[in-house]
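Peer 1: Structure incoming, see below.
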Amino acid sequence: MHRFFVKIMSVHVQNSRLTTTKLRQMKANGEKIAMLTSYDFTLASLVDEAGIDILLVGDSASNVVCGNSYTLPITVDEMIFLTKGVVRAARHALVVCDMPFGSYQVSEEEAVRNAIKILKESGCDAVKLEGGEEILPAIRHMIQAGVPVMGHLGLTPQSVNQFGGYGLRAKEEAEAEKLLHDAKLLDEAGCFSIVLEKIPAALAEQVTKAVSCPVIGIGAGNGCDGQVLVLHDMLGLNQGFKPKFLRHFAQLADQVKGAVSEYVGAVKDSSFPSAEESY
Ligand code: KIV
């Protein structure tokens, strides 16, 4: 009797997510890059299907998801937990996870260890961290270790206690010069992209032209290679937050409240569930 051994080929699911190389090509071709934040599987699936290029699991999750008034409290493990859901949803978009406050400032070793932990445990494609020359050694170590890094300059919300608020940054000459210098350093160090937050449009355009990597703006005018917004802000879910740079592409807060009050009414007057909705 012959014994037949059947070799079962494992089906390898191809990761067709956008790459950092493709992002550079987009800049070279003048193709704009669209990025939004995401913090959960369900919304990230919709955002990914709708054609977004980059999904950012921002530390704005500290505000949007956890209800804090600033980004500082969120931890590495909480960011990993949220990022896992977004990674499971992402079929086309590159997934970037913010490194939270305190996870990269203490030492280069700790920064690299945390960056690797985030990449390994969440499955994301890259990390983002806030700052310029001060954190350059950490950024260099991460990139040498194989971690793709997105920089973030201008209004860096983790430094809110230093800035004393969330106002426009780099409007004075000295800060603008430092920002341009920092952007060049991040670019030379190998950052695959840089976010510029809440700075004058002319400066953002100057930076975008001066660096080889794609520049993504938020409140930084139209001269950047791409744009990013916080998903809940642009969907109109975050009532009462309306800075000049924000456009509401929907008014979901009204729709959510309308649907919920209809549901409450239907439960109270016993019209829900109907016979058709019952077993
Ligand atoms: O955390 C975040 O949402 C961000 C974006 C505003 C760029 O960093």
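Peer 1: Could you please find all residues in the range 215-263 being away from the ligand (no atom under 12 Å from the Cβ), open to solvent by less than 80 Å² (accessible area, probe 1.4 Å) and touching a Phe, Trp or Tyr at 6+ places or on another chain (Cβ under 8 Å)?
Peer 2: Of everything in the range 215-263, those that are away from the ligand (no atom under 12 Å from the Cβ), open to solvent by less than 80 Å² (accessible area, probe 1.4 Å) and touching a Phe, Trp or Tyr at 6+ places or on another chain (Cβ under 8 Å) turn out to be 235, 236.
Peer 1: What pairs can you find where one residue is in the range 230-258 and within 22 Å of residue 71 (Cα to Cα) and in a loop (DSSP other than H, G, I, E, B), the other is modelled with pLDDT of 95 or more and β-branched (Val, Ile, Thr), and their Cβ atoms are less than 6 Å apart, with a gap of 6+ or different chains?
Peer 2: Cβ pairs passing all conditions: 230/37.
Peer 1: Mind checking whether some residue in the range 166-173 is of a type in the set (D, E, K, R), in contact (Cβ under 8 Å) with a residue 60 or more places away in the chain and within 16 Å of the ligand (Cβ to nearest atom)?
Peer 2: Looking for residues that are of a type in the set (D, E, K, R), in contact (Cβ under 8 Å) with a residue 60 or more places away in the chain and within 16 Å of the ligand (Cβ to nearest atom), one finds none in the range 166-173, hence no.
Peer 1: Still on this structure, I have one more. So which residues in the range 64-102 are outside any loop (DSSP other than H, G, I, E, B), more than 23 Å from residue 236 (Cβ to Cβ) and of a type in the set (A, V, I, L, M), if there are any at all?
Peer 2: Selection gives 76, 79, 80, 87, 94, 95, 96.
Peer 1: Could you say whether any residue in the range 201-214 is within 20 Å of residue 135 (Cα to Cα), surrounded by 18 or more Cβ atoms within 10 Å (Cβ to Cβ) and within 11 Å of the ligand (Cβ to nearest atom)?
Peer 2: No, the range 201-214 contains no residue that is within 20 Å of residue 135 (Cα to Cα), surrounded by 18 or more Cβ atoms within 10 Å (Cβ to Cβ) and within 11 Å of the ligand (Cβ to nearest atom).
Peer 1: Tally up the residues in the range 103-139 that are of a type outside the set (Val, Ile, Thr) and within 21 Å of residue 196 (Cβ to Cβ), please.
Peer 2: Summing the residues that are of a type outside the set (Val, Ile, Thr) and within 21 Å of residue 196 (Cβ to Cβ) in the range 103-139 gives 13.
Peer 1: So, in the range 126-174, how many residues would count as being open to solvent by 20 Å² or more (accessible area, probe 1.4 Å), closer than 23 Å to residue 23 by Cα and aliphatic (A, V, I, L, M)?
Peer 2: So the answer is 2.
Peer 1: Output the residue which, of all residues in the range 32-46 that are under 25 Å from residue 223 (Cβ atoms) and more than 10 Å from the ligand (Cβ to nearest atom), is most open to solvent (accessible area, probe 1.4 Å).
Peer 2: Going through the qualifying residues, I end up with 32.
Peer 1: Which one of these does residue 98 not meet: (1) in contact (Cβ under 8 Å) with a residue 24 or more places away in the chain; (2) open to solvent by 30 Å² or more (accessible area, probe 1.4 Å)?
Peer 2: Going through the list (1) in contact (Cβ under 8 Å) with a residue 24 or more places away in the chain; (2) open to solvent by 30 Å² or more (accessible area, probe 1.4 Å), residue 98 breaks only (2).
Peer 1: Taking the condition of being within 15 Å of the chain's Cα centre (by Cα) and over 30 Å from residue 81 (Cα atoms), how many residues in the range 18-48 meet it?
Peer 2: Result for the range 18-48: 0.
Peer 1: Taking the criterion of being in contact with a helix residue (DSSP H, G or I) (Cβ under 7 Å, 6 or more places away or on another chain) and closer than 16 Å to residue 212 by Cα, would at least one residue in the range 132-147 satisfy it?
Peer 2: Scanning the range 132-147 turns up no residue that is in contact with a helix residue (DSSP H, G or I) (Cβ under 7 Å, 6 or more places away or on another chain) and closer than 16 Å to residue 212 by Cα.
Peer 1: Does residue 68 satisfy the condition of being open to solvent by 10 Å² or more (accessible area, probe 1.4 Å), within 15 Å of the ligand (Cβ to nearest atom) and modelled with pLDDT of 95 or more?
Peer 2: For residue 68, the condition - open to solvent by 10 Å² or more (accessible area, probe 1.4 Å), within 15 Å of the ligand (Cβ to nearest atom) and modelled with pLDDT of 95 or more - is met.
Peer 1: I want to confirm something. Restricting to the range 110-127 and keeping residues that are charged (D, E, K, R) and in contact (Cβ under 8 Å) with a residue 12 or more places away in the chain, which single residue is nearest to residue 141 (Cα to Cα)?
Peer 2: 117
The values are calculated or read from the model by the stated rules, or taken from the named source; none is laboratory data. Predicted model, so just to flag it, every value in this text is computed and none were measured. FYI the Cβ positions are ideal-geometry reconstructions off the backbone, even for glycines, and counts take in every protein chain you see. Calculation scope for accessible area: heavy atoms of the full protein, side chains included, ligands and nucleic acids excluded. Shrake-Rupley method; radii C 1.70, N 1.55, O 1.52, S 1.80 Å.
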